[in-house]
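Structure first, then comments.
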Amino acid sequence: MTKINTEMEHKASMERIEELLLVVDNNTPADDKNLIELTLLSNLVADYEEEKFPIAALSLVDVIKLRMYEMDLTQKSLSDMVGVSPSRISEYLNGKSEPPLSVARNISKNLKIDAAIVLGV
């Protein structure tokens with residue numbers, strides 16, 4: 001099998017992976033036929049799932065909101081942190097405007113968000 005093409009093949013592959021996980025562990029030698037089969041099937045399943053069930057990238061707004069939640073920040077506290085008004089933060093979070101480079105840099109630095117995400121690269 002070089003590719004999983006149907007949901008039935010996917011289901012059968014997943015069932016076989018479950019069986020193999022019962023006999024393979026971290027101490028299994030690299031040349032063990034079960035480990036080789038598990039690796040091959042896992043790669044096929046991953047390829048199928050990436051094609052059939054792609055995960056969309058989060059938008060900058062989604063990432064900022066997530067980080068605000070994680071850091072227990074309000075729009076007011078975020079505005080103080082990055083040096084803009086709360087109403088400007090609201091505009092960014094509602095998609096009405098995008099932060100200029102200097103504010104984007106502050107968001108990246110203070111919220112510890114990768115600069116590539118903030119810049120949309």
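The values are calculated or read from the model by the stated rules, or taken from the named source; none is laboratory data. Predicted model only: the values in this text are computed from it and were never measured. Cβ atoms come from the backbone with ideal geometry, glycine included; neighbour counts cover every protein chain shown.
Take residue 55 and tell me if it is at pLDDT below 95, closer than 30 Å to residue 10 by Cβ and not in a helix (DSSP H, G or I).
Details: at pLDDT below 95: yes; closer than 30 Å to residue 10 by Cβ: yes; not in a helix (DSSP H, G or I): yes.
When the stated conditions are applied, residue 55 passes them.
Taking region 79-93 on its own, how many of its residues are touching a helix residue (DSSP H, G or I) at 6+ places or on another chain (Cβ under 9 Å) and free of Cβ contacts under 8 Å to residues at least 24 places away in the same chain? Break it down stepwise before answering.
Here is the first cut: in region 79-93, the ones touching a helix residue (DSSP H, G or I) at 6+ places or on another chain (Cβ under 9 Å) are 79-90, 92-93.
Now narrow it down to the ones that are free of Cβ contacts under 8 Å to residues at least 24 places away in the same chain: 79-80, 83-90.
Going through region 79-93 one residue at a time, the tally reaches 10.
Results for (1) assigned by TED's automatic domain parsing to the domain that holds residue 17; (2) in a helix (DSSP H, G or I); (3) loosely packed, with under 11 Cβ neighbours inside 10 Å, shown as yes or no for each residue.
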site: 30; (1), (2), (3): yes, no, yes
site: 43; (1), (2), (3): yes, yes, yes
site: 46; (1), (2), (3): yes, yes, no
site: 78; (1), (2), (3): no, yes, no
site: 89; (1), (2), (3): no, yes, no
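Checking the conditions here, which among 64, 17, 4 is surrounded by 15 or more Cβ atoms within 10 Å (Cβ to Cβ), in a helix (DSSP H, G or I), at pLDDT 95 or above and of a type in the set (Val, Ile, Thr)?
On the way: 64 fails: at pLDDT 95 or above; 4 fails: in a helix (DSSP H, G or I).
Residue meeting the stated conditions: 17.
If I ask for residues that are surrounded by 13 or more Cβ atoms within 10 Å (Cβ to Cβ) and within 30 Å of residue 90 (Cβ to Cβ), which ones from region 48-61 would you list?
To start, the set of residues in region 48-61 that are surrounded by 13 or more Cβ atoms within 10 Å (Cβ to Cβ) comprises 48-49, 60-61.
Listed by number, the residues that qualify are 60, 61.
Pairs please, first residue from region 47-58 and within 21 Å of residue 6 (Cβ to Cβ), second anywhere and of a type in the set (Val, Ile, Thr) and at pLDDT 95 or above, Cβ atoms under 7 Å, 6+ apart in sequence or on different chains.
From region 47-58, the pairs are 48/4.
In contact with a Pro (Cβ under 7 Å, 6 or more places away or on another chain) and modelled with pLDDT under 95: which single residue out of 113, 107, 117 fits that description? Quick ask: steps written out before the conclusion?
Details: 113 fails: in contact with a Pro (Cβ under 7 Å, 6 or more places away or on another chain); 117 fails: in contact with a Pro (Cβ under 7 Å, 6 or more places away or on another chain).
Just one listed residue meets the conditions, 107.
May I ask you to list the residues in region 91-108 that are of a type outside the set (Phe, Trp, Tyr) and outside any loop (DSSP other than H, G, I, E, B)?
Initially, region 91-108 is screened for residues of a type outside the set (Phe, Trp, Tyr), giving 91, 93-108.
The answer is 91, 93, 101, 102, 103, 104, 105, 106, 107, 108.
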